[in-house]
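The values are calculated or read from the model by the stated rules, or taken from the named source; none is laboratory data. What you see is a predicted model, and the numbers here were worked out from it, not measured in a lab. Here Cβ is always computed from backbone atoms with ideal geometry, including for glycine, and neighbour counts include all displayed protein chains.
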Amino acid sequence: MPRFRGGASRLAGPLGAMRRAPRKAFAGRHGAGNPSAGPAADGMRAPRTDVSPSPVEILYEDGEIVVVNKPAGRYVHASPGHEDGAIADELARKYPEMAAVGSAERPGVVHRLDAGTSGVMVFARTQRAYLALRRAFEAHTAVRKTYLAIVHGAPTPREGRLVTTIGRKSWDARRMAIAASGGKRAVTSWRTLARRGGLSLVEFKIETGRTHQIRVTAAHLGAPVAGDALYGDAKADCRMARRPQRPLLHAAVLEFPHPADGRKMVFGAPPPGDFL
């Protein structure tokens with residue numbers, strides 16, 4: 001299991017359903033609410049509009065990069081319908097030089113996480129860093145990404161590695177699918193860390209970065225991510241002690257070469273409160 005700042009490895013979870021009563025759910029912390037709303041592509045249920053965005057924790061910064069712990073419920077960059085509250089825009093205000101890095105719509109953005117996913121991300125503060133990091137992420141060699149997920153049931157088999165293709169479903173542009181026509185190569189490894197009460201804690205490592213890669217793979221393995229309104233199991237979500245309002249997926253560890261000198265950088269963040 002990944003280890004985080006502070007030394008202790010954390011067994012996350014509704015593993016609250018597994019071990020103890022959960023603390024505040026995502027709805028109370030980050031503003032996801034209406035469970036009757038239709039699923040969005042990010043897997044979240046309809047967000048409330050009467051709450052302020054959760055603050056972004058800065059894990060590391062230097063003249064080239066800034067590493068953050070992204071809260072669940074916030075979009076990485078602005079997009080139609082989500083023009084306000086993007087993390088990239090917040091960082092560009094804090095680091096004005098970022099406004100000229102990458103594209104105007106996505107300042108400093110090297111990679112992304114779905115709005116419902118929490119965890120570690122790196123942003124570029126200079127164009128040199130942006131280009132170097134983009135090359136590293138696209139090469140899929142020196143970048144390593146480890147995620148934790150709470151899933152319904154358990155993957156079959158309990159651990160393994162899947163090499164496949166992932167592409168968009170022809171009948172629904174929001175949804176991705178395994179082995180879809182015209183899909184791109186996707187490589188995912190997983191291992192089950194703990195299981196109790198119909199839920200499992202699973203570690204996923206991805207060698208590629210396809211849209212919804214872990215969520216699609218988990219569903220393909222018969223263990224959809226809890227709280228995933230797009231690929232998940234709504235009935236199983238309702239049976240949980242506290243129904244999750246976003247996919248319980250967390251980017252726990254990110255490793256990449258520093259864009260200035262190539263030294264290995266490794267950052268981790270423990271899962272947020274709705275995992276507990």
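Residue by residue through the range 106-149, note down the ones that are among the polar types (S, T, N, Q) and within 18 Å of the chain's Cα centre (by Cα).
Of everything in the range 106-149, those that are among the polar types (S, T, N, Q) and within 18 Å of the chain's Cα centre (by Cα) turn out to be Thr117, Ser118, Thr146.
Out of Asp237, Asp274, Asp228, one residue alone is part of a loop (DSSP other than H, G, I, E, B) and either of a type in the set (Asp, Glu) or free of Cβ contacts under 8 Å to residues at least 40 places away in the same chain (or both). It is Asp228. What do you reckon, is Leu249 within 15 Å of the chain's Cα centre (by Cα) and crowded, with 17+ Cβ neighbours inside 10 Å? Criteria met by Leu249.
As for the range 150-169, it holds no residue that is at pLDDT below 95, part of a loop (DSSP other than H, G, I, E, B) and small (Gly, Ala, Ser).
Once the range 109-129 is narrowed to residues that are in contact with a strand residue (DSSP E or B) (Cβ under 9 Å, 6 or more places away or on another chain) and of a type in the set (D, E, K, R), the residue that is nearest to Ala92 (Cα to Cα) is Arg125.
A quick yes/no check of all residues on (1) in contact with a strand residue (DSSP E or B) (Cβ under 8 Å, 6 or more places away or on another chain); (2) of a type outside the set (Ser, Thr, Tyr):
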residue	(1), (2)
Gly182	yes, yes
Thr192	yes, no
Gly197	no, yes
Phe204	yes, yes
Glu207	yes, yes
Gly222	no, yes
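Determine if the range 52-63 includes at least one residue that is surrounded by 17 or more Cβ atoms within 10 Å (Cβ to Cβ) and modelled with pLDDT under 95. For the range 52-63, residues surrounded by 17 or more Cβ atoms within 10 Å (Cβ to Cβ) and modelled with pLDDT under 95: present. So is Trp171 surrounded by 23 or more Cβ atoms within 10 Å (Cβ to Cβ), aromatic (Phe, Trp, Tyr) and farther than 20 Å from Gly73 by Cα or not? No; evaluated as a whole, the condition is false for this residue.
When the range 197-225 is limited to residues that are farther than 25 Å from His111 by Cα and either polar (S, T, N, Q) or part of a loop (DSSP other than H, G, I, E, B) (or both), the one that is farthest from the chain's Cα centre (by Cα) turns out to be Gly197.
Glu138 meets each of the listed conditions (1) part of a loop (DSSP other than H, G, I, E, B); (2) free of Cβ contacts under 8 Å to residues at least 40 places away in the same chain apart from (1).
Filtering the range 176-196 down to residues that are in contact with a Ser or Thr (Cβ under 8 Å, 6 or more places away or on another chain) and outside any strand (DSSP E or B), which residue is farthest from Thr211 (Cα to Cα)? The extreme case among them is Ser181.
Would it be correct to say that Gly153 is at positive phi and of a type outside the set (S, T, N, Q)? Against the criterion (at positive phi and of a type outside the set (S, T, N, Q)), Gly153 qualifies.
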